[in-house]
Amino acid sequence: MRVAIFDFDGTLYKRETFQLLMNYLKKHPEYNKYYGRFFRSILPRFIAYKLKLYPESRMKERSMQIYINALQHLSKQQILTFFAEIAEIMQDDFNHKVVEKLKQHNKDNVYTMLVSGAFIPLLEPAVANYEFDQIIGTAIPFNDDTFDQTTPIFHIQGERKKDKIFDALKDHSIDWENSYAYGDSYSDLPVLQLVGNPVAVQPDNELLTLAKRKNWHII
């Protein structure tokens, strides 16, 4: 079985979702009251990260945790609705070239996977108009109808993406050499190196340099 693995931020979706999440919370007519607490919590860590005192992977995970913590007083349905509203306004910013690649893989019966650090309740409605065989993202822990504050999130990034992919495909025999992966940053390397057809999409400088050296396809 061949697979095609797509990153979301900067790849299928042209922008970064976390900036959109922050802006949406800040301007939300009802939930903007939670933005101040979120901002005060994230600012010291962001400064430490900029001073290279806080690793990027840890910064990303803590930022996601702080963000969802800001919504802790909402019900599960309110949180799902909140992310669905954000997903709706994302639709004009998908990378059409990558969308065409996805559609072609679907026609060719390639098993398609969306693997992202974004929250699953954001990913699922965001790509509802596209065909993916599997979606892997960062789960939000719920306890019945409420957010579970006692369970930390497990942010899907870097090597964790690869681990999740292997776990999802453990019952299948994969033709990795004839499979595809799409990513935009050097942190996507663990996934890009799995396949015989890695594609760098709007790559950052580090990934662009590597892609040119290895003669990878670049979008």
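Note on region 129-148 and region 41-114: Cα centroid distance 12 Å, given to the nearest whole angstrom. Here's how it looks for Asp148: its modeled amide H is under 5 Å from those of Phe142, Asn143, which are all 5 or more places away or on a different chain. D by Stokes-Einstein for region 17-89, Kirkwood Rh over Cα pairs, 37 °C, 0.692 mPa s: 254 µm²/s. Globularity index of region 80-196 is 1.14 (Cα radius of gyration / 2.2 N^0.38 Å, N = number of residues).
Residue by residue, region 146-152 carries 3J(HN,Hα) couplings of 10, 5, 8, 6, 8, 10, x Hz when phi is fed to the Karplus relation 6.51 cos²θ - 1.76 cosθ + 1.60 (θ = phi - 60°); x denotes Gly or Pro. Remark on Arg15: its backbone amide H falls under 5 Å from those of Gly10, a criterion applied only to residues 5 or more positions apart or on other chains, H modelled at 1.01 Å from N. Assuming R0 = 25 Å, what is the FRET efficiency of Asp108 and Asn129, from their Cβ-Cβ distance, to the nearest 0.05? So the FRET efficiency works out to roughly 0.80. In this structure, the amide hydrogen of Phe119, modeled 1.01 Å from its nitrogen in the peptide plane, lies closer than 5 angstrom to those of Thr138, counting only residues at least 5 positions away or on a different chain. When only Cα pairs under 8 Å and 6 or more residues apart are kept, what is the percent relative contact order across the chain? In percent, rounded to a whole number, it is 26.
The equivalent ellipsoid of region 61-139 has semi-axes of 27, 13, 11 Å, largest first, where each one is the square root of 5 times an eigenvalue of the Cα gyration tensor. Residues of region 109-140 falling in the label zone of Glu30, defined by backbone nitrogen less than 17 Å from a point 7 Å along Cα to beta-carbon, are absent.
Comparing Phe142, Phe38, Phe94 in a Gaussian network model of the chain (Cα springs below 10 Å), the most mobile by mean-square fluctuation is Phe142. D by Stokes-Einstein for the chain, Kirkwood Rh over Cα pairs, 25 °C, 0.890 mPa s: 135 µm²/s. When the chain is treated as a Gaussian network with alpha carbon springs shorter than 10 Å, the biggest mean-square fluctuation among Leu25, Leu74, Leu123 belongs to Leu74. Each residue of region 73-82 is assigned a 3J(HN,Hα), and the resulting list reads 7, 8, 6, 4, 5, 5, 5, 4, 5, 4 Hz, derived from the Karplus form 6.51 cos²θ - 1.76 cosθ + 1.60 (θ = phi - 60°), x at Gly and Pro.
Site pair Lys214 and Gln72 shows an inter-label distance of 4.1 nm when each label is modelled 7 Å from Cα along Cα→Cβ.
Peptides 51-61, 192-202, 166-176 ranked from most to least packed give 192-202, 51-61, 166-176, packing being the mean of other C-beta atoms within 10 angstrom over each peptide's residues.
Estimated from the Cβ-Cβ distance and a Förster radius of 45 angstrom, the FRET efficiency linking Arg15 and Ser173 is about 0.80. Computed extension gain for Val99 through Ile120, at 0.36 nm per residue and net of the alpha carbon distance, reaches 5.6 nm.
Rounded to the nearest whole Hz, the Karplus-based 3J(HN,Hα) values (6.51 cos²θ - 1.76 cosθ + 1.60, θ = phi - 60°) of region 118-126 follow the sequence 5, 5, 4, x, 8, 4, 4, x, 5, with x at glycine and proline. With runs of 4+ DSSP H residues as the only contributors, calculate the mean residue ellipticity of the chain at 222 nm using -39,500 (n - 2.57) per run, divided by the residue total and rounded to the nearest 500. Result for the chain: -13500 deg cm²/dmol, rounded to the nearest 500.
Each peptide in 210-219, 108-117 was scored by the mean count of other Cβ atoms within 10 Å over its residues; highest first, the order is 108-117, 210-219.
Any read-out appearing in this document is the output of simple, stated calculations on the displayed coordinates, not a laboratory observation. It should be emphasised that the depicted structure is a prediction, and the values quoted were computed from it without experimental measurement. For neighbour counting, all protein chains shown are included, and Cβ atoms are generated from backbone atoms with ideal geometry for every residue, glycine included.
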